[in-house]
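See below for the structure under consideration.
The values are calculated or read from the model by the stated rules, or taken from the named source; none is laboratory data. Computed from a prediction, not measured in an experiment: that's the story for all the values here. Cβ sites come from the backbone with ideal geometry, for glycine too, and all protein chains shown count toward neighbours.
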Amino acid sequence: MSKKKQQPWFAPPELPCTGVESHAHLNSRQFLPDFEAVMERARAAGVAQIIQVFLSPEAWAEGRERFAPYPHVYFILGIHPTEAMRYGPETTQALRGAIKADSRIRALGEIGLDFYWKDCPPDIQKEILLKQLALAEECALPVVIHCREAEEETFAILEDRGFAGYPLLWHCFGGDIRMAERIIKNGWHISIPGPVTFPANQALREAVASIPADRLLVETDCPYLSPVPLRGKRNEPANLGYTIAAMAEAQGLSPAELWTLCGDNARRFFGIESD
């Protein structure tokens, strides 16, 4: 029996320390046993900065001190659409207060619509998305969008609300060329996760090939969405090399070149400086 040929991105490339992990949930309990080792492996794998996501003001208040020894970690803060029913009259003020108190918060997110899970009615999700978009404008912060099985509704809200041209990142993109073109037409950025390495995701790789390199970012969404050959295992920032290699193959660039380009894009988007 002949051995099945592996794709070239199954071996992670050697990368310079110029990349940015644009979306991580490192406050997850899954990282408690070896958090320091995870951070060390990320740096050794070429991750210069990390964007850590907090999904509530309470999570930010509880978890931010864990990152105090790591000045290269910056934050995203927002209410996830599946948690929109927990958004009360005090939530906007709590978000506003955190943003004013912590200069490491560089975007409002991940916010948006999620119709895959049935935790929250669509109308409430839309209401809370609009409130958080207004807060982002008030605080002059970029927006990081979560969208699952609600593409048309999300586009409609953002376009009707006048967010074309606003600094906005479409997190965990899994769409096709047509969807990517609409995002790019609106002047937004796109972040690519580990599933771009899955053999069945040819449509996603074709979409990546169509995206201008200056609009691309890369992410793990860890501890979720591990790339091949680590699928099914806990994900972490050190695994980004597999994802960037698949993206680079689609773009016709070397992994190191695209790694640095995506890192520079993320630094500009989030307003952070190189080490």
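Report whether or not ILE211 is at pLDDT 95 or above, crowded, with 16+ Cβ neighbours inside 10 Å, more than 27 Å from ASN27 (Cβ to Cβ) and aliphatic (A, V, I, L, M). Against the criterion (at pLDDT 95 or above, crowded, with 16+ Cβ neighbours inside 10 Å, more than 27 Å from ASN27 (Cβ to Cβ) and aliphatic (A, V, I, L, M)), ILE211 qualifies. Figure legend. Inter-residue proximity from segment 178-193: first residues in a helix (DSSP H, G or I), second residues of a type in the set (Asp, Glu), beta-carbon distance below 8 Å, spacing 6+ or different chains. Indicated pairs: MET179/GLU151.
From the set of residues in segment 125-134 that are out of contact with any Gly (no Cβ under 7 Å at 6 or more places or on another chain) and crowded, with 20+ Cβ neighbours inside 10 Å, which is nearest to GLY109 (Cα to Cα)?
Applying the filter and picking the extreme gives LEU133.
Report yes if some residue within segment 64-81 is hydroxyl-bearing (Ser, Thr, Tyr) and part of a helix (DSSP H, G or I); otherwise report no. No - not one qualifying residue is present in segment 64-81. Here ALA248 clears all of (1) of a type outside the set (Ser, Thr, Tyr); (2) in a helix (DSSP H, G or I); (3) within 27 Å of GLN125 (Cα to Cα) except the condition numbered (3).
If we keep just the residues of segment 101-130 that are in contact with a strand residue (DSSP E or B) (Cβ under 9 Å, 6 or more places away or on another chain) and assigned to a helix (DSSP H, G or I), which is farthest from GLN49 (Cα to Cα)? The residue in question is PRO122. SER226 meets all of the listed conditions (1) closer than 25 Å to PHE54 by Cα; (2) surrounded by fewer than 22 Cβ atoms within 10 Å (Cβ to Cβ); (3) out of contact with any strand residue (DSSP E or B) (no Cβ under 8 Å at 6 or more places or on another chain) but one, namely (2).
The set of residues in segment 64-80 being over 20 Å from CYS139 (Cα atoms), surrounded by 14 or more Cβ atoms within 10 Å (Cβ to Cβ) and not basic (Lys, Arg) consists of PHE67, TYR70, HIS72, VAL73.
Answer yes or no: is there a residue in segment 90-99 that is under 30 Å from CYS17 (Cβ atoms), of a type in the set (D, E, K, R) and in a helix (DSSP H, G or I).
Within segment 90-99, the first condition is being under 30 Å from CYS17 (Cβ atoms), and the residues that meet it are 98-99.
Going one step further and asking which of them are of a type in the set (D, E, K, R), we end up with none.
So far as segment 90-99 goes, no, none of its residues is under 30 Å from CYS17 (Cβ atoms), of a type in the set (D, E, K, R) and in a helix (DSSP H, G or I).
Among residues of segment 32-47 that are in contact (Cβ under 8 Å) with a residue 60 or more places away in the chain, those with a Cβ under 9 angstrom from a residue that is acidic (Asp, Glu) and buried (at least 19 other Cβ atoms within 10 Å of the Cβ), sequence gap 6+ or separate chain, pair up as VAL38/GLU236; ARG41/GLU236; ALA42/GLU21; ALA42/GLU236; VAL47/GLU21. Taking the options THR260, THR243, name whichever one is more than 16 Å from the chain's Cα centre (by Cα), not hydrophobic (A, V, I, L, M, F, W, C) and not in a strand (DSSP E or B). Exactly one of THR260, THR243 is more than 16 Å from the chain's Cα centre (by Cα), not hydrophobic (A, V, I, L, M, F, W, C) and not in a strand (DSSP E or B), namely THR260.
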